[in-house]
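Input: a single structure, listed below in structure tokens.
What follows draws every value from the coordinates through simple rules; no lab data is involved. Keep in mind it's a predicted model, so treat the numbers as computed, not measured. Neighbour counts are summed over all protein chains in view; Cβ atoms, including those assigned to glycine, are modelled from backbone coordinates with ideal geometry.
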């Protein structure tokens, strides 16, 4: 059995987290933990085979992380779907990096300064 890496990202506001990750990017909430009222939440979200954990808990991690998501199939169609949703805070573009030349990349920035870099090999 292979090990699995699950990035943990610091977030600060549940409503903004849902708006960005669920409503715009299309992740689904797998589970959420919020023990008592007025306490930080912790949730796991997924999209296809991508799994992220999002936390308001101080000390778990720092905002400003960067996550590379490789081999994302149909990235151009996903990009067009994001643009069609007309998310107020993001209109990302597809880019071809200098290396590897056979790749396209879509970078999105969440409201908490975390970056997700989706990439797909083309041609």
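Go ahead and run the numbers for FRET between residue 95 and residue 14, Cβ-Cβ distance against an R0 of 41 Å, rounding to 0.05. Let's see the in-between values first.
Details: r = 31 Å, r/R0 = 0.76.
That pair, residue 95 with residue 14, gives E of 0.85.
Per the Cauchy relation, a quarter of the hull surface: what is the mean projected area of the convex hull of the alpha carbons in the chain, in nm²? Each step should come with its number before you reach the end.
On the way: hull surface 35.7 nm².
In nm², the orientation-averaged hull projection of the chain is 8.9.
Taking Cα atoms, how many degrees apart are the long axis of helix 75-84 and the longest axis of the chain, rounded to 10 and kept between 0 and 90?
Its long axis makes an angle of about 60 degrees.
Taking R0 as 35 Å, what FRET efficiency do you get between residue 38 and residue 70 from their Cβ-Cβ distance, rounded to the nearest 0.05?
Values: r = 39 Å, r/R0 = 1.10.
E between residue 38 and residue 70, to the nearest 0.05, is 0.35.
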